[in-house]
1. Picking from GLY134, ASN13, MET120, whose Cα lies most toward the positive end of the charge dipole for the chain (charges on Cβ: Lys, Arg +1; Asp, Glu -1)?
2. Which distance in Å, rounded to a whole number, links the C-alpha centroids of region 165-212 and region 272-314?
3. For a quick check: with amide H placed at 1.01 Å from N, whose amide H comes under 5 Å from LEU171's, ignoring anything fewer than 5 positions away on the same chain?
4. Taking θ as phi - 60°, what are the ³J(HN,Hα) couplings along region 188-205 by the Karplus curve (6.51, -1.76, 1.60), each to the nearest whole Hz, with x for Gly and Pro?
5. To the nearest 20 debye, what is the magnitude of the charge dipole of region 159-351 about its Cα centre, counting +1 on the Cβ of each Lys and Arg and -1 on the Cβ of each Asp and Glu?
6. Please report the Cα spread of region 281-433 along all three principal axes, rounded to whole Å, starting with the longest.
7. In deg cm²/dmol, rounded to 500, what helix-only [θ] at 222 nm does the chain give when every DSSP H run of at least 4 residues adds -39500 (n - 2.57) and the total is split over its residues?
8. Could you run the Karplus curve 6.51 cos²θ - 1.76 cosθ + 1.60 with θ = phi - 60° over region 404-413 and give me ³J(HN,Hα) per residue in whole Hz, x for Gly and Pro?
Amino acid sequence: MSMRITNKIMTNNALTNINNNKNLQDKLNNQINTGKKINRPSDDPVIAIRALRLRSGLSDIEQYLDKNVEDADCWIQTTEDTIETAGDILEKMITECEKGTQDSLQTANREAILKQLTAMRDEFYATGDADYAGRQLFSGYRTATPLTFQEDSDTKFLISESASKNSIETLTYVHSARLFDATEGNYSTMYTDPADPTVQRNVNSEDVYEYNLHRIKLSYDNLDTTAKTVAGADIPPIKLKYYQVQPDGSIDSTPTVLDTDDGIEMVSLHSNPDPYELMATYGRKPADPPDPANPDDGKYYDKAIYIYETGELLIGEGLYEKLSKTRDDTATSPTDEGRLDIEYYKSTWSKGDVNPVHYFHCVENVGTLEAINHNRELLSGTVMDNAIEYDVGNNQSIRVNTTADEVFDLGVGRVIDSLTNIINDVSKIESKTQEFELLAVDGADEALTETYEALKKSLDMEKKKLQSAFSEAMTTLKEYYDKTNRAITEAGTRSARVELVKNRLTSQKSNFTDLVKDNEQVDVTQAAIDFASAKLAYDASLMASGKIAQTTLMNYI
C-alpha cells in the first residue's frame, strides 16, 4: 500500500530541499570568504579535534624554535666568543712569558713585560664579567652576580679551599742572607756566623745558596689575621685539615688539624728574617740529639708558615712528607681521597678581585645574621652543579652555560703574582749590587769585596730563578690555555647540537604548518565550483517547485 502524496507534502519537501540547498550555498560562500573549512566546531567535529591537536603541536614547536632554541643559540654563541677572547689573552700572555725567558733581557725589560702581563691578567678576569641580556654568562645560577667585584668591598667571607698533594709546589729559594739590607755602615757586621753565633761578620759567597721549599699557593692573599667569633666560638684565621695515612696504608677517620693556635704561623713577607729564610733554616729535620745552642732547630719541621702578602703556605719537610702520602683526587669519599681542606678568612676586596662564591664553599657575611652559605655541596666533596639547561624539545634539553672555573682559573692570577714577587727581589738585589759596585772600586776592603761578590752571586741566582719562573709561567699558562680550548670545544659542541635541533624543529614546523593548512583551509577553486553547482541546483529547484505549486486539485473541479 503506497502512501498518498499530497500537494502540501510536495510543497514542504520542496521548501526543505530549497532551504538545504541555500544552507549549502551559505556554507560554501563562507568557506570562500574566510578560506576556512569550518567556522565553528559543530561544522565538522573531526576537523575541529584534529585542528586542536595540530595547533597545539605547532605552538610547542614555535615555542622551542623561536624562543628557547634561539635564546640558547645566542647564549652559547656569546659564551663561545667570550671564551675565545679569554684564550687570545692567554695566548698573548704566553708570548710575553716566552720573551721573558730570553738571556739578553735586562731587569728593566722584564719589568716592562710584567706590566703587560699584569694588565692582561686584569683584562682576562674582566672578560669573565661578560653578560647576555643582562645575565652573567659564567656565574651559573647567580646570573646577577659578576665574576669580579665591581668596586672595593669589605664583605667578610669564610672560604673553604680544597687541595691535594698535587697542589704542593717546589719553590727555589735563594738564601741571600738579607744582602738587600746591607749598607756602607753595616755590611761588615750584618751577618751572624752559623758556625759561631757569637761572631758578627760580613756576608760572603758561601753564605749565598739555593734551597728548595714546599708551598701551597692559596687562591687569595692578604687574608685576615685575627680570629672570628662565630656562634660564640673563636675560629682561627687559617686552618689546614688533612687525613693522615698510617704506615699500614690505612687513613685516619678523623682529620689532623693545623691552625694559627697550633701548627701554622702567620708571618709578614717583610719580617726579619723573612718567612722563606725561617722555613729554609728551621723547616728541616732537627738534629738528633737536639742542639742546645739552637733551640729553634726543626721548629717548622711539622708545621707551616702563612705569608700575608703572597698567600703562600710554606710547608715544613716533615709536614710535606705526611701530606705527600695522600692519594690523588680519584676516590669518592673525602676520607678515602685524603684531600687537604684549607679554611681562611678574607674581608678586604679590591675592585677586580674574583668573587669566591663562583669557586668555593664559602660563608658570606660570616658571623652575622645575614650570613649566606654558598656551595654547601662542596663540603661533602660533591662538585657544585651550576649547569643551566634549556628545554629544546619534548624531554630534550641542552646545557647552554660555561662556569667560571672551566675558563677563568684563579691560578692565572697567582702565576703573575709569583713573577711579581721574584722580580721585586731581583730589583732589590740588583740595586744593592750597583751600590756596592761603586763602593768596591778600589778593592782595598776585603770584607767589602766579599760582600760585593756575594751580591753578584745572589743576583745571578735571582736572575736565573726569574728566567726559570718565566719559563714555568709559560708552561702553566699553556695548561690554562688548553683548558680554555677545551671550554671552546665544549661550547662549539653545544652550538652544533643546537643547530641540529634548530634544523629539525624548522622541518617539523614546516610539516605541521602544512598539516594545519590541509586540515583547516579550503580549496577555494573547488569551493567556487561547488558553489556554482549548488547555485545551479538551487535555481533549478526554484523553477521545478514553481511549476508544481501552480497546479492543484482545484484546477480540475
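Values quoted throughout were computed directly from the atomic coordinates according to the rules given, and no laboratory measurement underlies them. Just so it is clear, the structure is predicted and the values come from calculations on it, not from any experiment. Cβ: placed from backbone, ideal geometry, glycine included. Neighbour counts: every protein chain shown.
1. Comparing the listed Cα positions along the dipole, ASN13 ranks first.
2. Cα centroid to Cα centroid, the span is 14 Å.
3. Counting only residues 5 or more places away or on other chains, the set is LEU213, HIS214, ARG215.
4. Result, ordered by residue: 6, 10, 7, 10, 8, 5, x, 6, 9, x, 7, 9, 10, 9, 7, 8, 10, 4 Hz.
5. Numbers: 18 positive and 35 negative charges, 100 e Å.
Approximately 480 debye in magnitude.
6. Sorted from largest, the Cα extents of region 281-433 read 78, 44, 35 Å.
7. Numbers: 10 runs with 249 residues, N = 557.
So the helix-based figure for the chain works out to -16000 deg cm²/dmol.
8. 4, 5, 7, 10, 9, 5, 5, x, 4, x
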